[in-house]
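The values are calculated or read from the model by the stated rules, or taken from the named source; none is laboratory data. From a predicted model like this one, the values you see are computed outputs, not experimental measurements. Ideal geometry is used to build each Cβ from the backbone, glycine not excepted, and the neighbour counts take in all protein chains shown.
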């Protein structure tokens, strides 16, 4: 009667340690796997002795198998297929040519540096082929890098896991059965990948069709249906052809993500939460089962093996696989550095160590220890330095361009035109058909829909944009839209034109939401100014000397309601202005200046109709050298904005 109680305590402590590691990693902005490994070893048998995974017996294999299936399914579900299409050649090379290169390179390093026999060296090489999504995903969420780089790393991590696992199984079969031939190995690999892909594709399509028809099911229940079907597909593939289940789960996730499901984002969130739990439990259990003595016994040759994998094999692999790609040298260098190993390597290595021991083959624990050493060094070294290196290489996604703007009023369209003319992607969303037509006449990309629909935001490309801006005429609606966007899309900067009472009491809105342009902006007034032609488009540069005077002068104009800052270019990055922005020397501002025309002049010029910005390009403002006082270039926008009068 003591065993069930011991297992209960084991599971409770494992979950507590795993979630604590996740919280600590999130708080310190360090990949959580670092703390998962640390806590697992600390609470394991070699340290405090609180956790003994051997109590689970054969149940450990079941937990590992189902958790890995869930992790890979979530990885496939989260892949952005549009981004993958941009780097398809490099991705294809990494999971084909790159797999073989890493297998051979890792094997050679293990044999000559760690003095491991060839058979076990090849087993190690197969186990470190993968770069798991369990590490890559959290790492890229904390280090926001260029979308092309992120897509390549994510795609490689998800797609190479099942391939690496199957290759490792085939290498193990060679060790256990020396009669295996290369032709048989290639045939087994092809059969398992094909069967897994076929089952996954059929299952993913069938599941997508069912979810579209099952309107009677609540969203939460649909999530559980997906989980059940996922494990069914995994079990079916494993039953038909062992080790084909992982490929089935990945393909099922990819196929399901391509379906036009209204609940897809909620499903991804649910699966993501389950994946965090699965990763937390698995890493704690696997690390707790690790013998520190076996790692120490490896000697310095094992460290050199890992370093060779990181500084020789991985860079050469990436260089060869991206030789003719559109990636620049900075992107290639970052991809070369980021190749941490994850849960698949750890779980398969642990399983193989048991199988080799059962077969009486010496060296299983040594391979397992070397794999865990590889995981520890790559995760800690690459995870801790990724932010610094991405910043040094200027690959941080803080420079991500573009905006999704909710509202197609005159001011919103002007901002969109300014962004578009500077080669920034921009999309407008509005429920007003007339406003949408006005945007279309100005050659702007626009959606006639509600921005409360997460699927519409996804189609608008918010995942790839740098900013979400809610600027409808209703401040409360803007707050609601911004809050929803902050909940559903964690990546972009969330901005909104908020009501005055909410701006005055910051506790009333999410800190993730930044007030846009200026505090207490009267959108209706500025739209009317644009309609009446009572504005001038101005660009100014703040420079030393005289920066304090310039800043004070501009802020006085803003506070008086005569000047509305729109765009800010700082350190080569163009961005929308946030309310209360702290100006810096070198800032380049594009603003609207209220410049009312006398009523008599308006009557004489016949300016009684609604102004419409020309569909031709807006005038491009040249840079100006500013003296100690504010210098600016004013662009006067006449009735149809077809010409510009430059004043200095």
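Say we look at region 196-221 and pick out the residues that are outside any helix (DSSP H, G or I) and surrounded by fewer than 15 Cβ atoms within 10 Å (Cβ to Cβ); which of these is farthest from the chain's Cα centre (by Cα)?
The initial filter retains those residues of region 196-221 that are outside any helix (DSSP H, G or I), namely 214-218.
From the residues that got through so far, the ones that are surrounded by fewer than 15 Cβ atoms within 10 Å (Cβ to Cβ) too are 214-216, 218.
Details: 214: 30, 215: 30, 216: 33, 218: 28 Å.
Out of the qualifying residues, it is 216.
Would you check which residues across region 510-530 are in contact (Cβ under 8 Å) with a residue 40 or more places away in the chain and more than 22 Å from residue 485 (Cβ to Cβ) and list them? Lay out the reasoning, then the answer.
Here is the first cut: in region 510-530, the ones in contact (Cβ under 8 Å) with a residue 40 or more places away in the chain are 514-519, 521, 523-524, 526-527, 529-530.
Hits for region 510-530 are 524, 526, 527, 529, 530.
Residue by residue, here is whether (1) under 23 Å from the mean Cα position of the chain (by Cα); (2) not in a helix (DSSP H, G or I) holds:
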| position | (1), (2) |
| --- | --- |
| 174 | no, no |
| 190 | no, no |
| 231 | no, no |
| 260 | yes, yes |
| 268 | yes, no |
| 271 | yes, no |
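Where in region 329-447 are there helices (runs of 4 or more DSSP H), lying wholly inside it, with at least 1 residues that are more than 26 Å from residue 524 (Cβ to Cβ)? Give the derivation first.
Values: elements: 329-337, 343-358, 364-392, 410-421, 433-441.
Helices (runs of 4 or more DSSP H) meeting the threshold: 329-337, 343-358, 364-392.
Just to verify a result, which residue in region 539-558, among those that are crowded, with 18+ Cβ neighbours inside 10 Å and modelled with pLDDT under 75, is nearest to the chain's Cα centre (by Cα)?
543
Can you tell me which residue among 530, 592 is modelled with pLDDT of 70 or more, part of a helix (DSSP H, G or I) and crowded, with 16+ Cβ neighbours inside 10 Å? Walk me through how you get there before you give the answer.
On the way: 592 fails: part of a helix (DSSP H, G or I).
The unique qualifying residue is 530.
Has region 54-69 got at least one residue that is modelled with pLDDT of 85 or more, surrounded by 17 or more Cβ atoms within 10 Å (Cβ to Cβ), more than 23 Å from residue 157 (Cα to Cα) and assigned by TED's automatic domain parsing to the domain that holds residue 135?
no
Name every residue in region 354-375 that is within 20 Å of residue 67 (Cβ to Cβ) and crowded, with 21+ Cβ neighbours inside 10 Å, in order of residue number. Spell out the reasoning first.
Looking only at region 354-375, we keep the residues that are within 20 Å of residue 67 (Cβ to Cβ), and these are 354-355, 368, 371-372, 375.
Answer for region 354-375, where residues must be within 20 Å of residue 67 (Cβ to Cβ) and crowded, with 21+ Cβ neighbours inside 10 Å: 368, 371, 372, 375.
Is there any pair with a first residue in region 224-240 that is without any contact (Cβ under 8 Å) to a residue 40 or more places away in the chain and a second that is surrounded by fewer than 16 Cβ atoms within 10 Å (Cβ to Cβ) whose Cβ atoms are under 8 Å apart and which are 6 or more apart or on different chains, and what are they?
Within 8 Å, the pairs are 225/210; 225/214; 225/217.
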